[in-house]
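Okay, structure first, notes after.
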Amino acid sequence: MKDGDNTCNDSNNETFQNVLDARMSRRDVLTGGLAAAAVLSLGGLDVLLRAVPAAAHGRRKRSLLGFQGIPVSDADTVVVPRGYTADVLISWGDPVSNGPAFKQDASNSAADQARQWGMHNDGVVYFPIAGSHRGLLVQNNEYTDDGLLFPDGIANWDQEKTKKCLNAHGVSVIEITKRTGAPWDRRNRKGEWDVVRPSPFARRITGMTPIEIGGPAAGDARLRTTADPSGTRVLGTLNNCAMGFTPWGSYLTCEENFNGFFFTNRLSPDTRTSLEKRYGISPFGTGLRLHTTDPRFNADAEPNEPNRFGWVVEIDPFKPNSTPVKRTALGRLKHEGAWVQETRDGKVVVYMGDDERNEYIYRYVSNKRWRVARAHGINPLDDGILYVAKFNADGTGEWLPLTPTNPVLAAKGWTLNDILINTRGAADAVGATMMDRPEWIDTFPDSLTVIATLTNNNRRGSTPESVNNPDGSTVAGSARPPVDSANPRAINNFGHIIRWSYARDFSEPTFEWDIFALCGDSANVAHGSSVVGDKYGSPDGIYVAPSGRLWIQTDVSTSTINSGDYAGFGNNQMLCADPETRETRRFLVGPKQCEITGVFVTPDEKTMFVGIQHPGETPNEAPNDPANPKQFSSWPDGAAGGRPRSSCIVITKDDGGEIGS
């Protein structure tokens, strides 16, 4: 993000943090109440952010899974284990601060939506202000269902509808607080969470928010448009999926399926550039109508506008007037997430999945220790090396550098900006391993282990066999790669989870890997599943809690939920696994037609925030019928509501204990 004085996330607490580091370890802060005490006594943002649960620890005094797993469900409600409570914290259309209330007939204006929680929330992070009792909640808003967004759906599309649609995308920032049960609280709601209104931190970043383009590719000719001849400033961030956060307290939001926002009338692939084909710019088919009133979404009129999306965007949640920045050094992909891990020598590594069939897993390593870089006015996400993963059949792997000095790329004349703008093509060229839809990634810092979800791939092992062309000309998602050791199942409808580990640090060039779980129903031999415990498929979200509990969220397509291969699996769900024994228990099942996506806990792990996305989505994923908006779901408002609404929920344990214990 960029502040008004052109200083990136300027902080007065850097010196104090260096002193603090000499006196205590990261683990000491995360495992005790020291962070909250430091915040109360010293007020440093960098200190309180050390309470964000970035690491998992090896403490094993008791079983990690202390709850009884729940059965599958196809009910239109959220189901959690006995002894837990799930409440809706905020839903699409609710004001983020002082602002207009949601109208159940969806008649709120575009200006209203710019002040309201966005649609279809996804990745989420809790940033503490007062430990586990008060903080900022930042959550992505991935996409819209325009059949629900407007009273008459996509009919009569005009500029106002374009603006409202864009304002429903992006990122939402709210301040939240936990009730104390004080005498003046007439309902004595101790332990419940409220949105603070008004809040000086509350903010929306939307598809219309001015955003800087930073890093090496800023200003490149391929990023210049009619409206921005400098190639350094773009309107908006779109299709924001998963996320990350940095040690210096910023939020990273990731632009995923941006291609669907752009229209082209060029029907034949031969009339589109290799770059357009490789990133999926194709004849219009998503139902969005943005191009009809905003020419920047017409790729025939503005061919460079798509190149300005597909980036990781950095936001400072504590500075509501700061300008977000697209960090081009992290490469241009259909970014699922950007998980940041500090190395033992103080650099940052960013792990990223490119969420499409046959795409790749990436990492970025900063050149300097992040504190040193920031002390010299360098953002650590602008100065580093991008790599792509190759998984070998013998259980080893290596990170292939995507740099102009890589002999393969040097022989073909690739520049750094070529690599960053066409990262997929560069990965094709160096021979990276094609994966089965790489999704979320998280880390176990103590064991130097990384874990990633691979949702599914129905083209794996199908015929006729094909792979991504090394010249980067393959149409996105069209290849039919053979099975390999890292993706061992043909027609991989259930997906799997892979993990890898290092000998000394996360920045090493090589690693060892294994498969944590082949998903599906282990009781059904035909599935070829290795799941230990409750069945699940299409893993998407993954999150390592401070205790070491591994949380897994599913994204079974609405066309497949509880039918076909997924008959008997119920609605999408969230499970908890023990990373050592691999035992897995079902913890939550969502309402009809939803995806479970986005999970984070407070530092004490006694509150969990979970995203419920697109309840009531149509089986063919087309816009809902505005004349019958509750055809598939009425969650969360039920009979009193006018349409289903994506929401962030809060889960607590009735006895006040840790979630999952």
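In this structure, the amide hydrogen of residue 532, modeled 1.01 Å from its nitrogen in the peptide plane, lies closer than 5 angstrom to those of 584, counting only residues at least 5 positions away or on a different chain.
Need the full-extension length gain, residue 109 to residue 523, defined as separation in residues times 0.36 nm minus the C-alpha distance. One decimal, nm.
144.0 nm
Going through [x] 32, 29, 28; [y] 42, 29, 24; [z] 52, 30, 21, the figure that equals semi-axes √(5λ) of the Cα gyration tensor in Å as computed for the structure here is [x].
Highest mean packing comes first when the peptides 88-96, 652-660 are listed by Cβ atoms within 10 Å, giving 88-96, 652-660.
Kindly provide the helix-only [θ] at 222 nm of the chain, computed as the sum of -39,500 (n - 2.57) over DSSP H runs of four or more divided by all residues, to the nearest 500 deg cm²/dmol?
Working: 12 runs with 75 residues, N = 661.
Counting only the DSSP helices, I get -2500 deg cm²/dmol.
From the alpha carbon centroid of the stretch 382-429 to that of the stretch 589-650 is 39 Å. Take the Cα of residue 403, go 7 Å toward its beta carbon, and the backbone nitrogen atoms of the stretch 416-446 under 20 Å from that spot belong to 416-433.
Summing +1 for each Lys or Arg and -1 for each Asp or Glu, what net charge is found among the other residues whose Cβ lies under 11 Å from the Cβ of residue 176? Local charge sum for residue 176: +1.
All C-alpha pair distances within the stretch 546-621, sorted into 10 Å bins from zero, spread as 19, 45, 28, 9, 0 percent across the bins. Measuring between alpha carbons in the structure, the pairs from 277/334; 103/164; 178/606; 163/277; 178/653 lying more than 21 angstrom apart are 163/277. In a fully extended conformation the segment linking residue 227 and residue 567 would gain 117.4 nm over its present Cα-Cα distance, using 0.36 nm per residue.
Ranking 386, 243, 568 by how far each Cα lies toward the positive end of the dipole of the chain (charges on Cβ) leaves 243 at the top.
State in Å² the accessible area per residue of the stretch 398-471; use a 1.4 Å probe, count heavy atoms of protein chains only, and round to the nearest integer. Before the final figure, lay out the partial values.
Details: 2480 Å² over 74 residues.
Result: 33 Å² of accessible area for each residue.
Treat each spin label as a single point 7 Å out from the Cα along the C-beta direction, and report the residue 383 to residue 580 distance in nm. So the two model labels end up 4.1 nm from each other. Site pair residue 504 and residue 158 shows an inter-label distance of 6.6 nm when each label is modelled 7 Å from Cα along Cα→Cβ.
Each residue, residue 631 and residue 267, gets one label point 7 Å from its Cα in the Cβ direction; the gap between the two is 2.8 nm.
In a reduced charge model with +1 at each Lys and Arg Cβ and -1 at each Asp and Glu Cβ, the chain shows a dipole moment near 1020 debye about its Cα centre. Straightening the chain between residue 367 and residue 483 buys 38.2 nm, computed as 0.36 nm per residue apart minus the Cα-Cα spacing.
Round to the nearest 0.05 the FRET efficiency obtained for residue 620 and residue 515 when R0 = 30 Å and r is the Cβ-Cβ distance.
Working: r = 32 Å, r/R0 = 1.08.
With R0 = 30 Å, the Cβ-Cβ based efficiency is 0.40.
Checking the a/c ratio against 1.5 first, then a/b against b/c, what shape does the Cα gyration tensor give for the stretch 267-320? All intermediate terms of the calculation are to be shown ahead of the outcome.
Working: a/c = 2.65, a/b = 1.76, b/c = 1.50.
Prolate, since a/c reaches 1.5 and a/b exceeds b/c.
When you count the other C-beta atoms within 10 angstrom of each residue and take the mean per peptide, 149-160, 590-601 line up highest first as 590-601, 149-160. Entry note, the chain: relative contact order of 16 percent, from Cα contacts under 8 Å with a spacing of 6+ residues.
The values are calculated or read from the model by the stated rules, or taken from the named source; none is laboratory data. Predicted model, so just to flag it, every value in this text is computed and none were measured. Methodologically, a virtual Cβ is constructed for each residue, glycine included, from the backbone with ideal geometry; neighbour enumeration extends over all protein chains shown. For the accessible areas, the whole protein counts, side chains as well, though only heavy atoms, and no ligand, DNA or RNA atoms are used. Shrake-Rupley method; radii C 1.70, N 1.55, O 1.52, S 1.80 Å.
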